[in-house]
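Chemist: Right, I'll just put the structure down here and ask away after.
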Amino acid sequence: MLWHRLPFTTTVVLAILLAGVASGTLWQAAEHQPSFAYYAYGLPSLEHGRWWTLATGPFFALRPLFYLPMAGTFALLTGFAEWQLGTRRTIAVTVGGQLVSAAAAIQFLLLCRHSGWTWAAHIATTLDVGFSGGTLVAIAVASATLRSPWRLRLRAGLCVYAGVAIVYVGTLADLVHFFALALALPLGHRLAGRARAAEPVRPTVREWRLLACAGLVLLTVAEVVMWLVPGDGPFGPSDAVSLSAPEILLLCVVVVPMLNGLRRGSRVAWRWAVGLCLFALSQVLVVAGVVAMAKLLRADFDDHGLSLFFVDNLLWTVELVLLVAASGAFRVPSRRRRRRLAHAGPDARYARLLLGRNGGSSISWMTTWPQNAYFVASDGASYLAYQRHAGVAIALGDPVAPDGSAARVLDGFREMCENSGLVPCVFSATSATTAVTGELGWQHVQVAEDTLVDLDDLAFRGKAWQDVRSALNKARKDGIEFRLVRLADEPAAVREQVRALSQEWIGEKGLPEMGFTLGGVAEAMDPATRVGLAIDAAGTVQGITSWLPVHTGAGTVGGWTLDVMRRRPGGFRPVMEFLIASACLALREEGARFVSLSGAPLVRSRAGGPAGAIERVLDKVGALMEPYYGFRSLHAFKAKFQPRREPLYLAYRDEADLPRIGLALGRAYLQGAGLKDFAKLALRRQRVVGGGVVVDRSAAGTPR
C-alpha cells in the first residue's frame, strides 16, 4: 500500500486536498480570498509578522485548476524521492528545502527591492502558495541516486525549466524554484546519503551530447515561451525582444532536425548548431557596437528590452562555448561515408576463422550468416557480429574472443557505435557477457532461454522419456529411416522435397519467414551444417532438422545447435521427437558432448523470480506472437528432452534505448514484412479470436 511505502507523500497530498476543501480554495481562487494574506508566504507577510505563512502556504494553490498539477507533481516527484531516499530523509529535504528556498527568495527581494530594479520592487509586493520549492529540492536530491545518464537527463530537464521560467516569466514562484535548484543541485550528492549513485569521473560522450541538446532545447523553448506567454521578468518585458510567429516556426524547423543530429553525434548537425549560435552572437556584437557608438556620440536611443536581448543572446553564447568544448563528442561522419566504411569491413570467412580458433556460444555460428557486419577488435583476434536496423547496431550473441578479452571487444563496439551514431545492444547474450556489460554500466533483460542436452550420459530410460522412446519405436515399425547428412550433397529430389516442406510451412504463417537468429533452407545448405532427415520406405521426406556447429576452440566442434525444424503435414506424427533423439545419438557417436535445442525467443521460465516491468511487457509480446510462431509451444515441446536451461539476455545501455531497439529487432526478424503483411495478420487474428477457433500448430505436441 502507498501508506506503508510512501507515508510522507500520501499524507501531504491528502493534507493539500483537505486544506483546499476546508478553505474553499478548491473551487474559489485563493488569491481572491480576504484571508489569502494570512496563509500565503512572501515578503509582505513576514514584514507583518506572519511568520507561520512559511508553514501554511505550501498546502494551498493559487487557483482551483492549479490543485491538480500541484498535487500531481508532488505525488510523482516527491513520491519518487521518498522511494529512493527513504521517508525520514525525504521529509528533511522537502520541508527544509521549502523553507530555505522560500526564505532565500524573500531575503533576496528584501535586499533588492530598493535598488531601483523594477522587477524586484514589484515581486517584493506579491505573495505565493504551494509546495513546489520543496518538491524541486526533493527531486534534485533524488537525482543523485540515479545512474548515468538518467541523472544528467533529469538535472538538465530541471535546469531548463527553472532557467526559462526565471529569465522569461519571473514570478515569485519562479524565484523560489530558482533558489531551490541553485541550492539543492550542488549539495544533492551529499544530501542523498548512502542512496546516492557514483558520480562519473568526467562526462561521457553521451552526456556531452545530452548537454548540447539540453542547451538548444532551453533556448528554443525560451523563444516559444516569450511568444506564447509574454512576461515581465527580471530583465524586462519579453514582448520587446520576442520573435514573430513565422520566425518561431522557422526556428523550430531548423532546430528539431538539428537536435536529432546532435543526439546521434552528427558532425554536420554540430556545425549547423555552431553556425546558429554564431549568428546570435553576431547580433549581440552588432547591437553592442550600436549602443557604444550612441553613447560615444551622446545620442538618444530606445533601450526598451535591451537587457533581456543581451541576456537572451548571452545564453546562445554559452551554448556556443558548450558546443566547442564538446566538439570531440560529435564525430559521426555523414551517411554516405558511413556506408562506405560499412562495406569495407571483414567478411564471413574471416569470422569463421576466428570462431574456429576462439570458440563461441551455442548461437555463434549464426554470426557467420549473410546480412551480418563485423566489428573486429584492434588486435584482429576477436570480433562481434552485428546488424544495423533503425539506427541500432544489434550485436548477436557473445563476443568471439580469446579468454579475458570480451570486455575490450564490447567497449570497442560501444565506442564504434557512438562514433557512428548508432545505438548499441547485444542480443541473445549469455550470463558471462551480461556480467561484462554490467561493469560498463549497461542493463539487461532476459529475452530467450537456451535448452541444452548433455550427451555423455544420455539414455532414454524412465517415464520422463516415454514420448521419445515411443517415437523411436514407432519409426522403426513404420519403416522411417534417419539420415544425418549434408543437405548440399543430397540428390536434387531430396533437396526439392525439403524446399517444398519449408515453403508450405512459411505459407501457413501469414508472415514472411523469420530471420536473424532463425535460419532457413539456405542456411541448411551450408556444408558445415548437418541436416537430419526422416525418410520413409517410399523415399518421402517426413521431416527435417538442421544442426549448426558449436565451436569450442582450437578448431574443435564440441556440440551442435538445432535450427530448422520442418515436418510434413499429415505425415509421421512424432517425427520431431524421432529426428531430435536420433540426431543426439548420432552426434554423440561423432564425439559431440552436448546439443542445444536453441533458445525460443520471448520465452523464459519462472525460476528467476518475479518479473519486472520490462519482462512483463515482453511476456505480453510473446503471448501476441504465440498464435503465429508458437514460441511457447516449441519451448514446451523441448522439455520432453529433459534439457538444462540457460537464460539469454538483451544487454542495453539504458531504458531510453528500448523503444528503438524493439523496432530494430522487429525489422531484423521480419525484414521482408510490410504493412500489408501485418494488416493481413491482424485480420486473421480477429477471425480466429472472434470465431472462437483455436489453431492447432502441432501434431502430438510437436512443432511444425
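Chemist: Are any residues in segment 76-91 farther than 15 Å from residue 195 by Cβ and surrounded by fewer than 19 Cβ atoms within 10 Å (Cβ to Cβ), and if so, which ones?
Modeler: Result: 76, single match.
Chemist: Another question about this same structure. On the given criteria, is residue 95 over 21 Å from residue 238 (Cβ atoms), surrounded by 16 or more Cβ atoms within 10 Å (Cβ to Cβ) and in contact with a Leu (Cβ under 9 Å, 6 or more places away or on another chain)?
Modeler: Considered against the rule, which asks whether it is over 21 Å from residue 238 (Cβ atoms), surrounded by 16 or more Cβ atoms within 10 Å (Cβ to Cβ) and in contact with a Leu (Cβ under 9 Å, 6 or more places away or on another chain), residue 95 comes out as no.
Chemist: Here are 238, 307, 244: which of them is more than 26 Å from residue 421 (Cα to Cα), modelled with pLDDT of 80 or more and among the hydroxyl-bearing types (Ser, Thr, Tyr)? I'd like the intermediate steps shown before the answer.
Modeler: Values: 238 fails: modelled with pLDDT of 80 or more; 307 fails: modelled with pLDDT of 80 or more.
The conditions single out 244.
Chemist: Only residues that are part of a loop (DSSP other than H, G, I, E, B) and of a type in the set (Val, Ile, Thr): list them for segment 459-485, please.
Modeler: 480
Chemist: If you check 456, 450, which single one turns out to be in contact (Cβ under 8 Å) with a residue 60 or more places away in the chain, surrounded by 12 or more Cβ atoms within 10 Å (Cβ to Cβ) and either of a type in the set (Asp, Glu) or assigned to a loop (DSSP other than H, G, I, E, B) (or both)?
Modeler: Only one candidate passes the filter, namely 450.
Chemist: Next question, about the same structure. Being in contact with a strand residue (DSSP E or B) (Cβ under 7 Å, 6 or more places away or on another chain), part of a helix (DSSP H, G or I), farther than 15 Å from residue 43 by Cβ and not hydroxyl-bearing (Ser, Thr, Tyr): is that true of residue 160 here?
Modeler: No.
Residue-by-condition table, conditions (1) surrounded by 12 or more Cβ atoms within 10 Å (Cβ to Cβ); (2) at pLDDT 90 or above; (3) within 27 Å of the chain's Cα centre (by Cα):
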{"residue": "313", "(1), (2), (3)": "yes, no, no"}
{"residue": "316", "(1), (2), (3)": "yes, no, no"}
{"residue": "332", "(1), (2), (3)": "yes, no, yes"}
{"residue": "339", "(1), (2), (3)": "no, no, yes"}
{"residue": "346", "(1), (2), (3)": "yes, no, no"}
{"residue": "351", "(1), (2), (3)": "yes, yes, no"}
{"residue": "358", "(1), (2), (3)": "yes, yes, no"}
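Chemist: Right, next: Need at least 3 residues that are small (Gly, Ala, Ser) per element, so show me which helices (runs of 4 or more DSSP H) inside segment 22-139 make the cut, counting only ones lying wholly within it. Step through it out loud before you land on a result.
Modeler: Details: elements: 36-39, 43-47, 53-56, 67-73, 79-85, 87-112, 118-123.
Helices (runs of 4 or more DSSP H) meeting the threshold: 87-112.
Chemist: Among the residues of segment 356-365, are any charged (D, E, K, R) and touching a Ser or Thr at 6+ places or on another chain (Cβ under 8 Å)?
Modeler: No, that holds for no residue.
Chemist: Return the pair list, or none, for Cβ contacts closer than 6 Å from residues in segment 491-503 that are more than 12 Å from residue 525 (Cβ to Cβ) to residues that are surrounded by 15 or more Cβ atoms within 10 Å (Cβ to Cβ) and aliphatic (A, V, I, L, M), at least 6 apart or on different chains.
Modeler: 497/541
Chemist: Identify, by number, the condition in (1) outside any helix (DSSP H, G or I); (2) buried (at least 22 other Cβ atoms within 10 Å of the Cβ); (3) among the aliphatic types (A, V, I, L, M) that residue 583 doesn't meet.
Modeler: All conditions are met except number (1).
Chemist: Here is a follow-up. What are the residues in segment 553-612 that are modelled with pLDDT of 90 or more and polar (S, T, N, Q), if any?
Modeler: The answer is 556, 561, 582, 596.
Chemist: Condition check: crowded, with 17+ Cβ neighbours inside 10 Å, more than 25 Å from residue 84 (Cβ to Cβ) and of a type in the set (Lys, Arg). Does residue 63 satisfy that?
Modeler: Taking the combined requirement at face value, the residue does not satisfy it.
Chemist: Is there a residue in segment 158-169 that is within 24 Å of residue 6 (Cα to Cα), among the hydrophobic types (A, V, I, L, M, F, W, C) and more than 33 Å from the chain's Cα centre (by Cα)?
Modeler: There is no residue in segment 158-169 that is within 24 Å of residue 6 (Cα to Cα), among the hydrophobic types (A, V, I, L, M, F, W, C) and more than 33 Å from the chain's Cα centre (by Cα).
Chemist: Still on this structure: So, in segment 635-665, how many residues would count as being part of a helix (DSSP H, G or I), farther than 25 Å from residue 545 by Cα and of a type outside the set (A, V, I, L, M, F, W, C)?
Modeler: Result for segment 635-665: 5.
Chemist: Related question: Residue under question is residue 113, and the condition is that it be under 44 Å from the mean Cα position of the chain (by Cα) and buried (at least 16 other Cβ atoms within 10 Å of the Cβ); does it hold?
Modeler: The answer is no for residue 113.
Chemist: Pick out the one residue from 424, 402, 370 that is part of a loop (DSSP other than H, G, I, E, B) and either over 28 Å from the mean Cα position of the chain (by Cα) or surrounded by 15 or more Cβ atoms within 10 Å (Cβ to Cβ) (or both).
Modeler: 402
Chemist: Has segment 12-25 got any residue that is surrounded by 15 or more Cβ atoms within 10 Å (Cβ to Cβ), assigned by TED's automatic domain parsing to the domain that holds residue 130, closer than 15 Å to residue 176 by Cβ and touching a helix residue (DSSP H, G or I) at 6+ places or on another chain (Cβ under 9 Å)?
Modeler: The answer is no; no qualifying residue exists.
The values are calculated or read from the model by the stated rules, or taken from the named source; none is laboratory data. Just so it is clear, the model here is predicted, and its values are computed rather than measured. As a convention, Cβ positions derive from the backbone with ideal geometry for all residues, glycine included, and neighbour counts pool all protein chains shown.
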